[in-house]
Amino acid sequence: AQSVSQHNHHVILSEAASLELGCNYSYGGTVNLFWYVQYPGQHLQLLLKYFSGDPLVKGIKGFEAEFIKSKFSFNLRKPSVQWSDTAEYFCAVVRGTDSWGKLQFGAGTQVVVTP
Amino acid sequence: EAGVVQSPRYKIIEKKQPVAFWCNPISGHNTLYWYRQNLGQGPELLIRYENEEAVDDSQLPKDRFSAERLKGVDSTLKIQPAELGDSAVYLCASSLAIGGGSYNEQFFGPGTRLTVL
């Protein structure tokens, strides 16, 4: 069965620090990859996505993610975080053969940015 | 445009009671999803509708859960009777399915937080 693993459940860091959240998936075929974010009190929203092409994708709010096929990874990064980046971050995968979008989510990483 | 609307936002019930959640998707979106998110986990798909047809309900516990999407717009998810383990956030999402092998972005609602006592 396909699974999605996020390495850290909780991350605490200071403003201006760099952030990297790990994500690995187990499916061997073609995949579409996503990072979703849920800010406190808000709904899940798409941060960025990878379908094909350049493995380094840029999303909203200065976030980027790199797809490394050989490592089955799709890590999220931001060079300098702000207090407003405090949120829960979810990695998700859709198999490339599933055009209707059955998202498989990781368990999420709670990120707290301190002033 | 208006997002996905869910109600109620919170619900507290005693075990063995029935409960229902309502979802209104984004206007024009033909695909609707119900997810369950347990504490400390990511959302898990319960059922997916394409218009009014349930096309993927393999994860729906059919002995106590039911769902409907009459007229292919609003949807209701019901639990009867509820158990302690059903405490979770129930999320609804919708998308405009274009098909042809392309992923269709899902837009999520705020969820209903269910507590079963």
* Of the residues that make up segment A:58-65, is at least one within 13 Å of the chain's Cα centre (by Cα), aliphatic (A, V, I, L, M) and in a strand (DSSP E or B)? -> yes
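Residue-wise test of (1) part of a strand (DSSP E or B); (2) open to solvent by 20 Å² or more (accessible area, probe 1.4 Å); (3) in contact (Cβ under 8 Å) with a residue 24 or more places away in the chain; (4) within 21 Å of residue A:91 (Cβ to Cβ).
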{"position": "B:42", "(1), (2), (3), (4)": "no, no, no, yes"}
{"position": "B:49", "(1), (2), (3), (4)": "yes, no, yes, no"}
{"position": "B:54", "(1), (2), (3), (4)": "yes, yes, no, no"}
{"position": "B:59", "(1), (2), (3), (4)": "no, yes, no, yes"}
{"position": "B:62", "(1), (2), (3), (4)": "no, yes, no, no"}
{"position": "B:66", "(1), (2), (3), (4)": "yes, yes, no, no"}
{"position": "B:77", "(1), (2), (3), (4)": "yes, no, yes, no"}
{"position": "B:93", "(1), (2), (3), (4)": "yes, no, yes, yes"}
* To do: Could you grab me the full set of residues in segment A:32-53 that are part of a strand (DSSP E or B) and touching a helix residue (DSSP H, G or I) at 6+ places or on another chain (Cβ under 9 Å)?
  => A:37, A:45, A:46, A:47, A:48
* To do: Please specify each residue of segment B:20-56 satisfying the condition of being under 11 Å from the mean Cα position of the chain (by Cα) and over 15 Å from residue B:95 (Cα atoms).
  => B:20, B:21, B:22, B:36, B:37, B:43, B:44, B:46
* Looking at segment A:46-56, which of the residues that are within 11 Å of the chain's Cα centre (by Cα) and under 19 Å from residue A:96 (Cβ atoms) is nearest to the other protein chains (Cβ to nearest Cβ)? -> A:46
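Considering only segment A:1-45, how many residues are under 14 Å from residue A:74 (Cβ atoms) and open to solvent by less than 80 Å² (accessible area, probe 1.4 Å)?
18
The values are calculated or read from the model by the stated rules, or taken from the named source; none is laboratory data. None of these values were measured; they are calculated from a predicted model. Neighbour counts run over all protein chains shown; Cβ positions are idealised from the backbone, glycine included. To get the accessible areas, we keep the full protein, side chains included, count just its heavy atoms, and leave off ligands, DNA and RNA. Shrake-Rupley method; radii C 1.70, N 1.55, O 1.52, S 1.80 Å.
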